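Notes follow the structure.
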Amino acid sequence: MAMHNLNTWDWETGKKLVVDTTKWKDMFGWIEEPYASPDGERIAAVVKTGDMEFSVCENDTPWQNTFDKIWYLKFGSDNRLTALVSDMGAWTVAVDGVAWENTFDFVWNTKFGADGKNITVAAQKDMEYFAVTNDIPWETRFSDLSNLTISHDGKRVAGVVPTVMIKQGDIFQFQEGCYSAVVDGKPWDATFVNLWGLAFSHDSEHVAAEVRTSLYDYTIAVDGVLWDKVYTSVWMPQFSPANGSVTAPVRIAGKWTLAQDGKPFWDRSFAQLWHHMYSPDGKKIAAVVATKYGRWTIAVNGIPWSLTFGDLITDAVFSPDGNRIACIGKEDGKWTIAVDGRAWGEKYDMVWQPVFSPDNRKVAAKVERNGHYTTVIDGKPLKKSYKALWNPVFSPDSKKILIKGIEGDPDDGKYFRQVLPVTDITG
Amino acid sequence: MHDIYNFVSGPLVWVSFIIFFGGSLYRLISMAVLARKKDVFVYEYMSLKFGLRSILHWIIPFGTVKWRKNPLFTIVTFTFHICIIFIPIFLSAHIILWKESWGISWWYISDTAADVLAIVVIASCIFFLVRRIVLPEVKYLTSISDYVILAIVAAPFITGFWTYHQWPGFKVMGIIHIVAGEIMLAAIPFTRLIHMIFFPFTRGYMGSEFGAIRHAKDW
Amino acid sequence: MAEPAIKRNDESYKIVDEGIDKGIARLSPEKIEQVINKVLAAETGARLKTYVETCVHCGLCSEACHYYLSHDNDPKFSPAGKVKQTIWEILKRKGKVDPEFIRDASRIASTECNLCRRCAMYCPFGIDIAYLMSVVRRLCHMLGVTQLYIQDTAHSHSATLNQMWVKEDEWIDTLFWQEEEAQDEISSLRIPIEKEGSEIFYSVIAPEPKFRAQLIYQAAVIMNAAGVDFTMPATPGWDNSDQCMFTGDYEMMGRLKKAHFETAMRLKVKRIVMGECGHAFRSVYDVGNRWLAWKMPPIPVTHAVEFYYELLKQGKIKIAKKYDKPVTFQDPCNIIRGKGLHEKARYVVEALCEEFIEMHPNREHNYCCCAGGGVINTGPQYKMKRIKGNRIKAEQLFATKTRGAKVIIAPCHNCHGGIEDILHHHGLDMELHFLGDIIYKVMEKPV
Ligand code: SF4
Ligand code: SF4
Ligand code: SF4
């Protein structure tokens, strides 16, 4: 997540009471789960302000506008708060309490560009489907829209749409290919049997998609042009930030490997390989792999860690310099964090995606045990637990960490924003 | 005649035992290797405890619903299978041969008992034969090879019985008996008689999937 | 001496299925041979070989199969009989079979076997006929020969990641709608959508939002009354069902399960609780996950029966007044032979109902409903075939009715479909319910 405005946040060491959420209980009869802003300055929840009348309470004040229904509260990285709202059955997006002018029969799947400026949703009106970005809907409409995907900067939007009239129950028409990818409302010329995961290139100019061209042939299409090789299956492609080439996990003879532009790329194969990702400089590729049936790990440039997990690996992330990798691993029902092939000693009931410090040296994560949440840095826990907690954020100089959480006794229900020296946790 | 006897009761015995043990081992190992390559599940989900639990139920007469539902079949098949293993090992005439060639011997059953058991085996074979011909669901599955296999299994017992009772031509029959026994041994690895070798693995695997993964009984 | 392998089932020959007809028309013997041998070489090994070579042609598995029993012990319908007509022939002829053979093979594997695994408990060797029939289905899929209806469902799975062509907004809208409906009854009720960090992701099969939305309503009432911390996703991946597993499109099966489990991971839930569905449980518990190399489900999955058991056992749901009609219980293969939930199911039934009458056979030995294994999904053309293929179920139910049972509880969607047709056809006057229906009726509800 690019936090371009990290420097503007308050990094003064100290603990600030933002709001006592127990007060909400006196104000509203209906309070949904709270969401904290990235900078921690605000906390918000959907609340009921009257009969069939909802609003969003931010800190201690509800939005002035009320709606019949509100859902999908989401903060952008610029700390603006969005919600999907309906007024008399007309749906739209509300940003910081102000609804967009256009309304639709339904909106969902809010997406932000990295800097939070561009907000996109999927929308349906009169049974026609399209995307809407910053209140501007696509001009073209489709009979369905799925796999909504935005470019890194949020300026371009892609999705998967049917491009021909699909006759219900006509399996032969379906097998001829009825779907295509659409970018900013413009579909590709080619149609395929299926398309799934879409990926934008880093310059937002190109789109790659995992496609099925018959019931049996899977491959990757880049801007509508197919790789010249087919596979028995593929997963989500990615563009290299370094040279714009496209890589994707592909299945050959029952094993998975990584292919680049239709050619073999990694020289070894795995029982599974997915969620590959590039280091920021594009020099490295890491992926979640199963080295053998039921044993999961991370492979970097095709070379797996020796540490493996039996249940799963997920949420892998590169350090900013691309030299380190952290991920979530689960074994025998217990969760932990693994960094560069070594697991933290403690195990938890749940862990969240780990976060690297900007100087690449530290890894922090939100964890949960017996319903209590805390933050752990490099395996050392903050000696305080919370009733609700959000992902920690390192300060730009990596010396401090921002903790956002609702405390239990004695400060029950109070939401604090606290900036701590990292050494307070790591010792 | 004597030469033939010496040949079949000497080198041919060796050959049949080698084929039996070597063949069975070969089948087992090649299947294990193939499974390693193509059926990882077998290794991943095989459980000693639940595999044995299932096997145990199936090798105990009336230990499963199926065995209880078909009492006659159960009695016949259990007696038959026990006898065809038991008789050749504990027959005094065989033990004498072991003693002559290797100087080893062990407990044996009386000739009368063996005689009775041989009749039981032969009767069982007839039962299986009749079953194959009469029961539509068995007949439907039956091919010539099934009769051949049945004959291979019945032959040593019929010929042995014949020889023991010194019926006409029993000397020739004795040789045929030895050859029949050898054929049966050698046939095990390469015919459906392999079920004897594979049983613990197929049953054990199903028992493991049912028991360890699906928490259910498979009997 | 030896019976010819193929006996054409005249009755089913009248069934017109465009999916099959057109699929067959596109085949040539060369293509069949090539595809079969390629698939067998690439995807089968020791299990197929061992099963075929170990089978002693004894016929003991016959009486396990409801099709066999219901067709007056016609050996063509016996488990090994189906293998003889398909796998044995294919192996014997080294894949050199004609298109009409494939037509028969598809009929046998996809409409005359429910993959219910009952026969594995009757074959002394534990030969897995369901696996062998799945291999046949896989071959048919690779040859492009599948029944039209289920193939359409498989297409829906591929395009929408759910079984019923439910669009993304329709799904969310259904949740809102059911939440609103239920709020008329319990004003504080909520169906939390996308609530990250919840204890439970409640997942359903697509026919629920499409046709049986009241089941979502009931589940919401149960969850809310029991104070369960649950959520439902607003993204594809919410559907746990899987007809691709049954058509033999394993690549799609894998894709569906990946989406399902990754949705659970994204929502940070501890486990998935799923509605009363048998086949979906099979798919998430020990079939789909395996294709992806997850030895066990990466996020544990609890079937509704087990979940209700927990709620009742822990006193999270209280019974206001027990259900007073005498009930019997249909043990669905996929959660009994598939997960051993029979005793827990009985605990639940007895906690809810005054009078419980066992049907016989029961538990692991219960007969399949004849709808499962994708058979009901092959379409309405095959309905009579299912009904005729399960006369034994009608007899079993009739006997239970004679002993006083008025209501059948079946915690499985397919069982419902199958049993409904059987009841209707035979004029068997019995009610049919899900466990959730009964819980909803008898529980104490908040206001
Ligand atoms: S329907 Fe069930 S019992 Fe019959 S063959 Fe198939 S798996 Fe076996
Ligand atoms: S019971 Fe087993 S061995 Fe006998 S015919 Fe059936 S599958 Fe073959
Ligand atoms: S529908 Fe029910 S009885 Fe039928 S196969 Fe599925 S679980 Fe078994």
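Remarks
- Check on A:PRO237, within 23 Å of the chain's Cα centre (by Cα), crowded, with 18+ Cβ neighbours inside 10 Å and either at pLDDT below 95 or more than 11 Å from every other protein chain (Cβ to nearest Cβ) (or both): yes
- Residue match in segment B:26-41 (condition: more than 12 Å from chain C (Cβ to nearest Cβ) and surrounded by 13 or more Cβ atoms within 10 Å (Cβ to Cβ)): yes
- One residue from C:ALA105, C:ALA42, C:ALA46 being within 16 Å of ligand 1 (Cβ to nearest atom) and either in the same structural domain as C:ASP21 (by TED's automatic domain parsing) or buried (at least 22 other Cβ atoms within 10 Å of the Cβ) (or both): C:ALA105
- Scanning segment C:58-83 for residues that are open to solvent by less than 10 Å² (accessible area, probe 1.4 Å), more than 8 Å from ligand 1 (Cβ to nearest atom) and in a loop (DSSP other than H, G, I, E, B) gives C:GLY59, C:LEU60.
- Checking segment B:51-64 against the condition returns a match, with at least one residue being within 30 Å of A:TYR293 (Cβ to Cβ) and surrounded by fewer than 14 Cβ atoms within 10 Å (Cβ to Cβ).
- When residues of segment C:40-58 are limited to those that are of a type in the set (Gly, Ala, Ser) and within 7 Å of chain B (Cβ to nearest Cβ), the one nearest to C:TRP291 (Cα to Cα): C:GLY45
- Looking only at residues in segment B:139-170 that are among the β-branched types (Val, Ile, Thr), under 17 Å from B:HIS195 (Cα atoms) and in a helix (DSSP H, G or I), the one that is least open to solvent (accessible area, probe 1.4 Å) is B:VAL153.
- Top-ranked residue in segment C:94-140 [being away from ligand 2 (no atom under 16 Å from the Cβ) and in a loop (DSSP other than H, G, I, E, B); ranked as nearest to C:THR54 (Cα to Cα)]: C:LYS94
- Residue within segment A:296-307 that is within 14 Å of chain C (Cβ to nearest Cβ), open to solvent by 50 Å² or more (accessible area, probe 1.4 Å) and either free of Cβ contacts under 8 Å to residues at least 12 places away in the same chain or under 28 Å from B:GLU44 (Cα atoms) (or both) present: no
- Checklist (1) among the acidic types (Asp, Glu); (2) touching a strand residue (DSSP E or B) at 6+ places or on another chain (Cβ under 8 Å); (3) open to solvent by 40 Å² or more (accessible area, probe 1.4 Å) applied to C:GLU358, failing item: (3)
- At least 1 residues being closer than 30 Å to B:ARG68 by Cα, of a type outside the set (Lys, Arg) and within 14 Å of chain B (Cβ to nearest Cβ) is the threshold, and among the helices (runs of 4 or more DSSP H) wholly inside segment C:305-390 those reaching it are C:333-336, C:342-352.
- Filter pass, C:ASP152 being open to solvent by less than 20 Å² (accessible area, probe 1.4 Å), more than 16 Å from ligand 3 (Cβ to nearest atom), away from chain B (no Cβ under 13 Å) and assigned to a helix (DSSP H, G or I): no
- Of the residues C:PRO75, C:PRO79, C:PRO29, the single one that is under 20 Å from C:PHE101 (Cβ atoms), modelled with pLDDT of 95 or more and away from ligand 2 (no atom under 12 Å from the Cβ) is C:PRO29.
- Test: residue in segment C:376-394 that is more than 16 Å from ligand 1 (Cβ to nearest atom), buried (at least 22 other Cβ atoms within 10 Å of the Cβ) and outside the structural domain of C:SER188 (by TED's automatic domain parsing): no
- For segment C:168-182, a residue qualifies if it is closer than 22 Å to C:ALA280 by Cβ and either crowded, with 21+ Cβ neighbours inside 10 Å or away from chain A (no Cβ under 11 Å) (or both), and the qualifying residues are C:GLU168, C:TRP171, C:ILE172, C:THR174, C:LEU175, C:GLN178.
Table: residues versus (1) open to solvent by 20 Å² or more (accessible area, probe 1.4 Å); (2) within 30 Å of A:ASP217 (Cβ to Cβ); (3) not in a strand (DSSP E or B).
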position	(1), (2), (3)
A:ASP78	yes, no, yes
A:ALA94	no, no, no
A:THR110	no, no, no
A:ALA122	no, yes, no
A:VAL161	no, yes, no
A:GLY169	yes, yes, yes
A:PHE172	yes, yes, yes
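- Applying a threshold of 6 Å to beta carbon distances and a minimum spacing of six or more residues, or different chains, the list of pairs starting in segment A:64-91 at a residue that is more than 10 Å from chain C (Cβ to nearest Cβ) and over 21 Å from C:GLU194 (Cβ atoms) and ending at one that is part of a strand (DSSP E or B) and open to solvent by 40 Å² or more (accessible area, probe 1.4 Å) reads A:THR66/A:THR49; A:THR66/A:GLU53.
- Residues that are closer than 15 Å to C:PHE230 by Cβ and of a type outside the set (A, V, I, L, M) within segment C:141-187 comprise C:GLN178, C:GLU179, listed in sequence order.
- Total residues in segment C:104-122, condition within 14 Å of chain B (Cβ to nearest Cβ) and in contact with a Ser or Thr (Cβ under 9 Å, 6 or more places away or on another chain): 5
- Residue match in segment C:401-409 (condition: out of contact with any Cys (no Cβ under 6 Å at 6 or more places or on another chain), open to solvent by 10 Å² or more (accessible area, probe 1.4 Å) and within 16 Å of ligand 1 (Cβ to nearest atom)): no
- Close Cβ contacts (under 6 Å, 6 or more residues apart or on different chains) running from residues in segment C:318-338 that are within 16 Å of ligand 3 (Cβ to nearest atom) to residues that are open to solvent by less than 50 Å² (accessible area, probe 1.4 Å) and among the aromatic types (Phe, Trp, Tyr) comprise C:ASN334/C:PHE281; C:ILE335/C:PHE281.
- Looking at segment A:299-364, the strands (runs of 3 or more DSSP E) lying wholly inside it that each contain 1 or more residues that are small (Gly, Ala, Ser) and in contact with a Ser or Thr (Cβ under 9 Å, 6 or more places away or on another chain) sit at A:325-331, A:334-339.
The values are calculated or read from the model by the stated rules, or taken from the named source; none is laboratory data. Given the structure is predicted, the values throughout are model-derived calculations rather than measurements. Note that we place each Cβ from the backbone using ideal geometry, even for glycine, and neighbour counts take in every protein chain shown. We work out accessible area using only protein heavy atoms, side chains counted, and drop any ligands, DNA or RNA first. Shrake-Rupley method; radii C 1.70, N 1.55, O 1.52, S 1.80 Å.
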